[in-house]
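The values are calculated or read from the model by the stated rules, or taken from the named source; none is laboratory data. The model shown is predicted, which means the values in this text are computed figures rather than measured ones. Here the Cβ is made from the backbone with ideal geometry for all residues, glycine too, and neighbour counts use every protein chain on show. In case anyone asks, the SASA skips ligands and DNA or RNA and just uses the protein heavy atoms, side chains included. Shrake-Rupley method; radii C 1.70, N 1.55, O 1.52, S 1.80 Å.
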Amino acid sequence: MALAPLLPAAAVAAGTLKVDAALPYVCALPSGERPATVRITAAFPERAAVGEEIRPTDVTTTVELPPEAVADLIALKAATVRAESRLTVAVAQDEQRAEAVWNGTAQPVPVPAEGPLTLTTTGDVPSLTTDTAGEMTLTAGAFAVDLAPAGADGAATEPPSLAVTCVPGDDPEGRTRLAAVPVGAAVPTGEPGTPPPSPTVPSPSAPVTGLPRPSFPTDRTAPARPRPAEGAPSGTPRGPLVGPRTDAGAAADEETPGTPEPRPDAPPCVTEKPTPSSLSAYIVGYSNVRKLNGANLIPLSCIQVEQGLIEFVERPDAFHVITPAEGGLSYQGRRQTPPFKATFLTFGFVPTTATVVLEQVGPLTMRGDMALTFPVNTALAHVRVPVVLRVLDAEVNGTPLEVGPSCRTEAPLKSVEPEPEKYPGDHLVLVGRGEYEYGKDSKGYLVLDGGPLTGEAFIPAFTGCGAGGENLDRLLTAAISGPGNYVKQIQSPVCSVGVPEAPAELCTEDRQPRQIPKPER
């Protein structure tokens, strides 16, 4: 097979190309830049036809971090560490270029007393499809791993997460290439022993219709349906996230021909380097502060995520479609909400105004679960995000209160987690429930369509508050911190940023979400 010399430790058997590549990287640790090895294993189809799905399977990513990484974790008094990885894979075919993100997760592992730290993550990755013949190559690029360390008691350390970013190291052998898959006019079906034909390569003037084509519909009113897996009921929805889209949202109330209405004023939500898996949306809503007997508006905020591959699971109650995504808040290049004013009567009588932000300190994850039950499909979604509440300035009865530059909650806001073993650490949990009946508008919350997300948060004690020798930690903790703080956020329908022909009612010309949600109490 002519492809074998192009691939590191690759072997071809029974129409499958297996890749096992150990690649050199340089990783930025708290203690400095250090060399590391990232091993990637996966299986690809030996060849594909135009329009045929190319789906990497059995994908694992193993990173061996140097002893310095262990020392950094031990300095945090970490007993265990959980890893979530992101590998950027460059996809090329002739002059066309795109990027995909391979996400992986791992269960917590013990932190060794010394030596290197080996972490293995697994996960589903996006599939690829192209309308053009010619060799498609996949090359490993930037790699990142988020570490969530925990102490011996299972509580998160401070800080609760470490972000390790890595870039490919020098490799004269060019071993960062993962696979090269020939894409031809048709998959060979000749007699055994007949050599396969060479893939047809388009001429320079041949039109290119998109690489890779995302494996989800862009037509919200008539979503395409794939052939269901064996044992799956008909009508299985096709899409990166839960639920076929419906004409939900303000911009879809009336079907007016012509150019959609201009988008209302909103913070910028431009995805800088979109991939075919990139999605974006706006979210806005209220959060109660129980101790102050009031609610505060959390301003319109941009969310940008990378969708994962859908999973079909058969359970006793129904056939389920599981859909993941990961990303975060985005405001001026930072993972946070825009700053916003909060005004309350502290202790019931003192007017207090503060400027605060919610600052993301770990990955935001979205997970949808749709049960295919005739005639109405029911959906349950969880959005998890670790955020700390940071106070930028404050006034008490009109007098400035010097809170200093480091005033924040000592840990992320915390909700009751229904799956603590799978999602350890402190984080906010928002839950959305919805229904979808094919051919009708969705009800409640679906990840693609948006809707209400609700939850309850415990606000931790404050730390680092005060200036000029005055410690305000106890004052803010007594006034604000505590349990039972109800949260309700409204998400807009998502804009599929990486789709070549994104629906105009969902995306602006520069691929920002067009629909703006309104807060609800």
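Within the stretch 54-68, does at least one residue satisfy the condition of being in a helix (DSSP H, G or I) and touching a residue at least 24 places away in the same chain (Cβ under 8 Å)?
Yes, the stretch 54-68 has at least one match.
Yes/no matrix, rows are residues, columns are (1) open to solvent by less than 30 Å² (accessible area, probe 1.4 Å); (2) at pLDDT 90 or above; (3) of a type in the set (Ser, Thr, Tyr); (4) closer than 23 Å to HIS427 by Cα:
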| position | (1), (2), (3), (4) |
| --- | --- |
| ALA478 | no, no, no, yes |
| ALA502 | yes, no, no, no |
| GLN512 | yes, yes, no, no |
| GLN515 | yes, yes, no, no |
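Suppose we keep only residues that are out of contact with any helix residue (DSSP H, G or I) (no Cβ under 9 Å at 6 or more places or on another chain) and β-branched (Val, Ile, Thr) within the stretch 143-168. Which one would you say is surrounded by the fewest Cβ atoms within 10 Å (Cβ to Cβ)?
For the stretch 143-168, the residue satisfying everything is VAL167.
If the requirement is being more than 24 Å from the chain's Cα centre (by Cα), open to solvent by 20 Å² or more (accessible area, probe 1.4 Å) and not hydroxyl-bearing (Ser, Thr, Tyr), which of these qualifies: PRO299, PRO316?
Matching residue, one of PRO299, PRO316: PRO316.
Restrict the check to the stretch 469-477 and report whether at least one residue is part of a helix (DSSP H, G or I) and among the β-branched types (Val, Ile, Thr).
Checked against the condition, which is being part of a helix (DSSP H, G or I) and among the β-branched types (Val, Ile, Thr), the stretch 469-477 yields at least one hit.
Do the conditions hold for ALA22, that is, is it part of a strand (DSSP E or B), over 22 Å from GLU84 (Cβ atoms) and not aromatic (Phe, Trp, Tyr)?
Taking the combined requirement at face value, the residue does not satisfy it.
Select, from CYS465, CYS495, CYS407, the only residue that is among the hydrophobic types (A, V, I, L, M, F, W, C), under 29 Å from PRO375 (Cα atoms) and surrounded by 20 or more Cβ atoms within 10 Å (Cβ to Cβ).
Matching residue, one of CYS465, CYS495, CYS407: CYS495.
All but one of (1) touching a helix residue (DSSP H, G or I) at 6+ places or on another chain (Cβ under 9 Å); (2) on the phi > 0 side of the Ramachandran plot hold for VAL111; state the number of the condition that does not hold.
Just one mismatch for VAL111, condition (2).
In the stretch 108-123, what count of residues is obtained for those that are open to solvent by 20 Å² or more (accessible area, probe 1.4 Å) and under 18 Å from the mean Cα position of the chain (by Cα)?
Of the residues in that region, 2 qualify.
Out of (1) more than 26 Å from the chain's Cα centre (by Cα); (2) closer than 28 Å to LYS422 by Cβ; (3) among the basic types (Lys, Arg), what's the single condition that is false for LYS18?
LYS18 satisfies all of (1) more than 26 Å from the chain's Cα centre (by Cα); (2) closer than 28 Å to LYS422 by Cβ; (3) among the basic types (Lys, Arg) except (2).
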